[in-house]
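Working notes for the structure below.
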Amino acid sequence: METVFAWISAYGYAAITLLLMAGIVGLPIPDETLLVGCGALIARGNLHPLGAFFAALGGSWCGITVSYLIGRTLGLGFVHRFGKRFHLTEERLAKVHQWFDRMGHWALFAGYFVAGLRHLTAIIAGTSELAYPSFAAYAYSGGALWVGTFLTLGYFVGENWKSIAESLHRWVGVASIALIVAVVVYLVLKSRKRAGLKSRAG
């Protein structure tokens with residue numbers, strides 16, 4: 001983390017943008033810790049509030065857009081070329097698209113607050129061919145809320161930001177794993193229930 005803040009000291013707002021962009025695409029950068037630390041630097045007067053906010057917002061928007069484009073291009077190519085080997089058929093892809101039509105937009109909005117899910121929701125959105133205006137409306141508004149929340153938290157915790165950020169990073173990770181496990185269990189149970197109904201009907 002010291003290296004991250006050394007970058008910010010050396011390159012300022014550009015470093016915030018690039019680091020958050022890389023973190024959201026999937027590189028191992030503690031995004032929430034970075035934002036909380038930037039909030040503390042705002043409180044000290046080392047960063048301007050608007051400058052830090054727009055630098056972080058730009059990084060989050062660029063990162064989530066890159067993930068979306070990866071899904072939109074490479075994701076579809078992978079499905080068309082190798083999908084059958086992994087049971088990723090066109091039919092299943094259509095179901096994912098329908099899921100996004102129903103509730104996936106909100107996964108894009110709230111996905112920023114779940115570690116490990118930010119870039120994944122964007123990739124799935126791209127793979128399911130979610131229209132860019134719909135993607136942008138939910139993903140960008142979610143990014144603005146996420147950035148504002150953690151910068152504000154860092155601003156108010158001030159000098160205690162390091163201990164707060166460490167605890168936050170740990171608990172966000174635990175909560176994210178628990179949420180992902182819960183979703184997987186739900187989907188497995190739902191799939192089994194459907195299979196049971198089909199077998200009875202047959």
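The values are calculated or read from the model by the stated rules, or taken from the named source; none is laboratory data. The shown structure was predicted, so the numbers you read here are calculated from the model rather than taken from an experiment. Glycine also receives a Cβ, built like all others from the backbone with ideal geometry; neighbour counts cover every protein chain displayed. Note: accessible area is taken over every heavy atom of the protein model, side chains too, but ligands, DNA and RNA are not part of it. Shrake-Rupley method; radii C 1.70, N 1.55, O 1.52, S 1.80 Å.
Determine whether the stretch 5-12 contains at least one residue that is outside any helix (DSSP H, G or I) and at pLDDT 85 or above. Talk me through it step by step, then tell me what you get.
At the first step, the residues of the stretch 5-12 found to be outside any helix (DSSP H, G or I) are 12.
Next cut, at pLDDT 85 or above only: 12.
Yes, some residue in the stretch 5-12 is outside any helix (DSSP H, G or I) and at pLDDT 85 or above.
Assess whether L57 counts as being open to solvent by 20 Å² or more (accessible area, probe 1.4 Å) and at pLDDT 90 or above.
Numbers: open to solvent by 20 Å² or more (accessible area, probe 1.4 Å): no; at pLDDT 90 or above: yes.
No.
What about F5, is it among the aromatic types (F, W, Y) and under 20 Å from A137 (Cβ atoms)? Criteria not met by F5. Pairs linking a residue in the stretch 43-56 that is over 18 Å from W146 (Cα atoms) to a residue that is open to solvent by less than 70 Å² (accessible area, probe 1.4 Å), with Cβ atoms under 7 Å and 6 or more positions apart or on different chains, are A43/G158; L47/C38; L47/L41. Selection of the stretch 123-152 for residues being more than 27 Å from G37 (Cα to Cα), in a helix (DSSP H, G or I) and touching a helix residue (DSSP H, G or I) at 6+ places or on another chain (Cβ under 7 Å) yields I123, I124, A125, G126, T127, S134, F135.
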